[in-house]
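Values in this text are rule-based calculations from the coordinates and carry no lab data. Owing to the predicted nature of the structure, the values given are computational and were not obtained by experimental measurement. Please note: Cβ atoms are built from the backbone with ideal geometry, for glycine as well, and neighbour counts cover all protein chains shown.
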Amino acid sequence: MPVNIAAAAVLTALAAVCFPLAAAAESRWVEEGDSVPREVSLDDRALVVDGTRRILFAGEMHYTRSTPEMWPKLIAKAKEGGLDAIQTYVFWNVHEPVQGQYNFEGRYDIVRFIKEIQAQGLYVSLRIGPFIEAEWKYGGFPFWLHDVPNITFRSDNGPFKKHMQRFVTYIVNMMKREGLYYPQGGPIITSQIENEYQMVEPAFGSSGQRYVRWAASMAVNLQTGVPWTMCKQNDAPDPVINTCNGLICGETFVGPNSANKPALWTENWTSRYLIYGNDTKLRSPEDIAFAVAFFIARKNGSYVSYYMYHGGTNFGRYASSYVTTNYYDGAPLDEYGLIWQPTWGHLRELHAAVKQSSEPLLFGEYSNFSLGQEQEAHIFETESQCVAFLVNFDWHRISDVIFRNISLQLAPKSISILSDCKRVVFETAKVNAQHGSRIAEEVQSFSDINTWKAFKEPIPQDVSKAMYTGNKLFEHLSSTKDETDYLWYIVGYEYTPSDDGQLVQINVESRAHILHAFVNNAYVGRIHGSHDGPANIILSTNISLKEGPNTISLLSAMVGSPDSGAHMERRVFGIRKVSIQQGQEPENMLNNELWGYQVGLFGERNSIYTQEGSKGVEWTTINNLAYSPLTWYKTTFPTPAGSDAVTLNLAGMGKGEVWINGESIGRYWVSFKAPSGNPSQSLYHIPRQFLNPQDNILVIFEEMGGDPQQITVNTVSVTRVCGNVNELSAPSLQYQDIEPAVELRCQEGKQISTIEFASYGNPLGGCTNFAFGRCHAGSSESIVKQACLGKNRCSVPVTPAKFRGDPCPGIQKSLLVVANCR
């Protein structure tokens with residue numbers, strides 16, 4: 001509902017006060033002949049776009065975690081899901097990997113990404129950071145920043161502020177040149193500076209407070225013409241908006257820190273990112289919907305963004321420490337861009353219910369009162385419109401309440417939204433959206449041993465031929481510059497046997513994530529850490545030494561660099577202590593011996609994962625070769641037919657990295673089992689854009705020892721859909737239904753091929769286990785088949801009239817349909 005003229009004048013004046021530089025910039029950006037300036041301002045209720053307060057739903061998706069060819073469909077599905085905006089971070093370390101050298105090509109083409117969002121009619125929230133965390137390598141910082149003299153990250157430190165301001169300015173100026181800020185005619189309506197700094201600010205004392213003020217001032221002075229935000233920063237300086245991140249911002253958000261700022265939720269976590277060694281933990285659609293509705297009701301929230309709406313894939317080595325290659329696979333759009341049901345559909349209905357009551361939410365008078373011991377009502381009311389949010393905090397019991405002389409039942413842990421404060425249009429705990437089952441179908445096996453070639457990674461043994469030498473143990477990341485996961489430590493050891501043949505033990509203490517040990521080219525053991533385990537890992541094992549000179553080769557490996565915490569530039573990784581112990585004799589410390597260092601693997605340095613680089617080494621048949629650590633494998637495979645997502649099933653492997661036609665699809669680690677006994681991730685996404693029209697080269701570096709013959713190529717799709725709707729459910733607002741209905745839709749152009757089950761009555765079970773109840777309309781299957789077979793989507797009303805009469809009067813009925821898509 002447009003703000004009236006007087007209110008618009010007040011808001012414009014407020015914007016000029018809060019964003020004086022932005023207001024000046026806006027006046028410059030108005031095209032000659034335009035009658036109304038495009039502007040974004042704010043007040044205590046909402047962001048105000050062109051003089052109109054807006055309730056906005058946004059979703060986070062990262063251009064770096066998908067491919068340009070995927071972007072249009074992802075954005076279209078987000079829009080269909082009821083989103084108004086896309087949020088994205090800006091990834092400094094992909095754009096400036098070498099100081100002063102920029103990369104905005106391919107999946108790093110942020111301008112192309114933003115223009116695609118604009119083309120589909122959505123806004124953009126640009127989270128420049130440039131610290132982003134995001135479970136991304138080094139928190140988004142390029143590693144060369146670590147080596148800037150006298151630098152202290154994220155503090156009132158001259159060298160850091162110089163580089164941060166330079167990069168932020170570079171990005172802002174790029175957006176301006178492309179005309180992407182809203183006052184210029186572009187889609188960007190907000191920008192973010194810094195990221196959850198409050199979490200580390202105490203570590204910096206007064207320097208942290210000065211840094212916050214500097215960062216805010218620096219950002220505002222760039223004159224973008226749109227508001228700036230700081231997430232999880234309760235003391236964000238005016239005019240920067242402090243926003244909430246978390247699972248339950250309706251309960252945890254302290255609220256805007258100024259009377260003229262709205263309540264914005266920049267990260268509503270849709271699940272938890274997965275780490276190696278853990279099982280997947282999904283967040284239910286009921287819980288997400290409850291949190292959103294409660295934030296709107298209790299905090300007067302007008303902006304909610306889902307983190308993530310599409311997680312995607314951590315290609316290459318960009319995942320942070322121990323984070324899996326898939327990212328937020330249980331988001332409303334899964335790793336492959338498939339719609340994750342019922343989350344996507346349930347939230348879409350929520351968005352429609354909230355938008356339907358925009359006027360009272362944005363302009364109405366707010367009141368609240370108790371409906372019971374654990375029940376409460378939140379009301380927004382104008383002279384002509386009203387909306388109520390009725391909350392039941394009781395996790396276990398249905399609550400009977402009376403609201404404005406209407407008797408209602410509130411489901412456990414739920415919020416019911418009442419349009420006009422009379423009619424229930426959405427219940428957070430009642431999921432009417434269809435469910436979907438995702439399957440991976442094997443399309444090719446690599447079981448034929450003759451299709452594989454192998455190359456054994458050489459073990460460096462000569463200190464004199466090392467890249468670097470030194471009489472100390474080097475720090476891992478400082479040596480590798482985070483350009484590889486691997487650093488070899490090589491040392492010689494002179495051994496004199498004892499007369500009594502005492503056992504010899506090597507002890508290695510490391511702050512890296514994995515350690516492999518070799519003595520005289522023989523593998524003697526390994527150890528690894530975990531995300532939540534001790535920082536130190538210790539390998540102690542008996543070894544065999546020959547009399548005289550011996551070579552000890554230790555491979556230190558990282559599974560991603562850190563992405564958070566104070567003073568990242570001071571973090572220490574790699575081997576910290578090495579000793580040899582012979583029987584009961586004192587430890588012989590090797591820390592100060594002459595060490596040689598080899599950065600990375602031979603195969604990496606020579607790019608043997610590419611077609612050209614692979615010609616530079618001698619590949620051998622594997623035959624009956626025992627699958628040993630540090631081995632490269634190579635084969636070819638044809639591109640699967642069709643358009644379904646393609647994956648590799650690596651369940652039989654150990655740990656390593658995979659390349660398809662020279663493109664890394666990321667790290668894998670399937671030998672690190674979760675508590676369930678299963679790998680944290682076994683399917684690894686191959687974007688179709690990485691594939692050739694016909695034959696493809698697959699190269700794997702296996703670090704721990706796995707069986708490549710167990711690898712398969714699979715396609716992933718949603719082949720089963722299900723709807724289960726009660727006759728008393730609220731009709732779908734999104735589909736504009738007049739009565740409750742089961743809505744089914746197949747994805748990616750598939751059609752409903754068979755009806756596996758259909759029952760109108762009181763069917764038992766749900767979408768995975770189902771059976772007829774005592775009440776069942778015999779016409780159920782034929783009616784559903786007539787409505788749905790051969791179609792991409794169908795709608796079946798849950799009414800007696802549709803099923804030729806009431807099969808059992810006086811009994812509450814529902815319709816359960818399970819269908820297959822092909």
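Miscellaneous remarks
- Distance between the C-alpha centres of region 656-729 and region 630-644: 11 Å, rounded to the whole angstrom.
- Projecting the Cα atoms of T639, I622, L594 onto the dipole axis of the chain, where Lys and Arg carry +1 and Asp and Glu carry -1 at the beta carbon, places T639 farthest toward the positive end.
- Per residue Cα convex hull volume in Å³ - calculated over region 731-808: 101
- Taking the Cα atoms of region 431-571, the ratio Rg/Rh between the radius of gyration and the Kirkwood radius comes to 1.12.
- The alpha-carbon atoms of region 207-364 define a convex hull whose volume equals 159 cubic angstrom per residue.
- For region 426-527: relative contact order, % (alpha-carbon pairs under 8 angstrom, 6 or more apart): 18
- Considering only the Cα atoms of region 61-139, their convex hull presents on average a projected area of 5.2 nm².
- Extended-chain gain in nm, criterion 0.36 nm per residue less alpha-carbon gap, E756 and D400: 124.5 nm
- Bridge orientation summary for the chain: considering DSSP beta bridges with both residues in this region, about 85 percent are antiparallel.
- The Rg/Rh ratio for region 284-443 is 1.07, where Rg is the radius of gyration of the alpha carbons and Rh is the Kirkwood radius.
- Here's how it looks for L545: its modeled amide H is under 5 Å from none belonging to a residue 5 or more places away or on a different chain.
- Gain on full stretching of the segment that runs from F104 to V148 - 0.36 nm per residue minus C-alpha separation: 13.5 nm
- Each distinct pair of alpha carbons in region 489-559 adds a 1/r term; the inverse of their mean, the Kirkwood radius, is 13.1 Å.
- Residue (of P412, T451, Q192) at the positive-pole extreme of the chain, dipole from beta-carbon charges: P412
- The chain, dipole about Cα centre (Lys/Arg Cβ +1, Asp/Glu Cβ -1), debye to the nearest 20: 960
- Flagged links, alpha-carbon separation over 28 Å, of K472/K615; K77/K355; K79/K673; K785/K813: K472/K615; K79/K673
- Along its three principal directions, the equivalent ellipsoid of region 769-810 from the Cα gyration tensor extends over semi-axes of 20, 13, 8 Å, largest first.
- If R0 is 41 Å, the Cβ-Cβ spacing of S795 and D695 corresponds to a FRET efficiency of close to 0.40.
- With coordinates expressed along the principal axes, the C-alpha atoms belonging to region 322-375 extend over 47, 29, 20 Å, beginning with the largest.
- Label-to-label distance, nm, for residues given as E585 and N471 (7 Å Cα→Cβ offset): 2.2
- Rg [Å, one decimal], Dmax [Å, integer] - region 608-762, C-alpha atoms: 22.0, 70
- Span from the region 69-113 Cα centroid across to the region 563-613 one, whole angstrom: 35
- Along the axis of the charge dipole computed for region 326-368 (Cβ charges of +1 for Lys and Arg, -1 for Asp and Glu, origin at the Cα centre), the listed residues F363, L333, H351 are led at the positive end by F363.
- Under-5 Å amide H pairs with Q192, H placed in peptide plane, nonlocal only: L126, R127, I128, G129, T229
- Note on K422: aspartates and glutamates with a C-alpha under 13 Å away, same-chain residues under 8 apart excluded, are E381.
- Computed across region 200-280, the Kirkwood hydrodynamic radius from all distinct Cα-Cα pairs reaches 14.5 Å.
- Helical mean residue ellipticity (222 nm; -39500 (n - 2.57) per DSSP H run of 4+; nearest 500) of the chain: -5000 deg cm²/dmol
- Note on region 150-242: percent of Cα-Cα distances in each 10 Å bin, starting at 0 and stopping at the bin with the largest distance, equals 17, 47, 29, 7, 0.
- Over region 198-238, the alpha carbon radius of gyration divided by the compact-protein estimate 2.2 N^0.38 Å works out to 1.20.
- Taken over the alpha carbons of region 678-725 as equal point scatterers, the Debye sum produces base-10 log I(q)/I(0) values at 0.14, 0.30 Å⁻¹ of -0.58, -1.39.
- Those lysines that a straight Cα-Cα span of less than 17 Å connects to K232, excepting residues fewer than 8 apart in one chain: K261, K299
- Computed from the alpha carbon atoms alone, the convex hull of region 587-634 holds 125 Å³ per residue.
- Cα gyration tensor category, rounded, prolate or oblate, for region 352-508 with a/c compared to 1.5: prolate
- Over all Cα atoms in region 521-660, the spread is summed up by Rg and Dmax: 20.0, 67 Å.
- Dividing the mean sequence gap of close Cα pairs (under 8 Å, 6+ apart) by how many residues region 590-720 holds gives a relative contact order of 33 percent.
- The calculated pair-distance distribution of the chain uses every alpha carbon pair, bins of 10 angstrom beginning at 0, and gives 2, 12, 20, 22, 19, 14, 8, 3, 1, 0 percent.
- Table column - 3J(HN,Hα) (Hz), region 717-732, Karplus curve with 6.51, -1.76, 1.60, x for Gly and Pro: 7, 9, 10, 10, 10, 8, x, 9, 10, 8, 5, 9, 5, 5, x, 5
- Using C-alpha pairs below 8 Å separated by at least 6 residues, the relative contact order for the chain is 11 percent.
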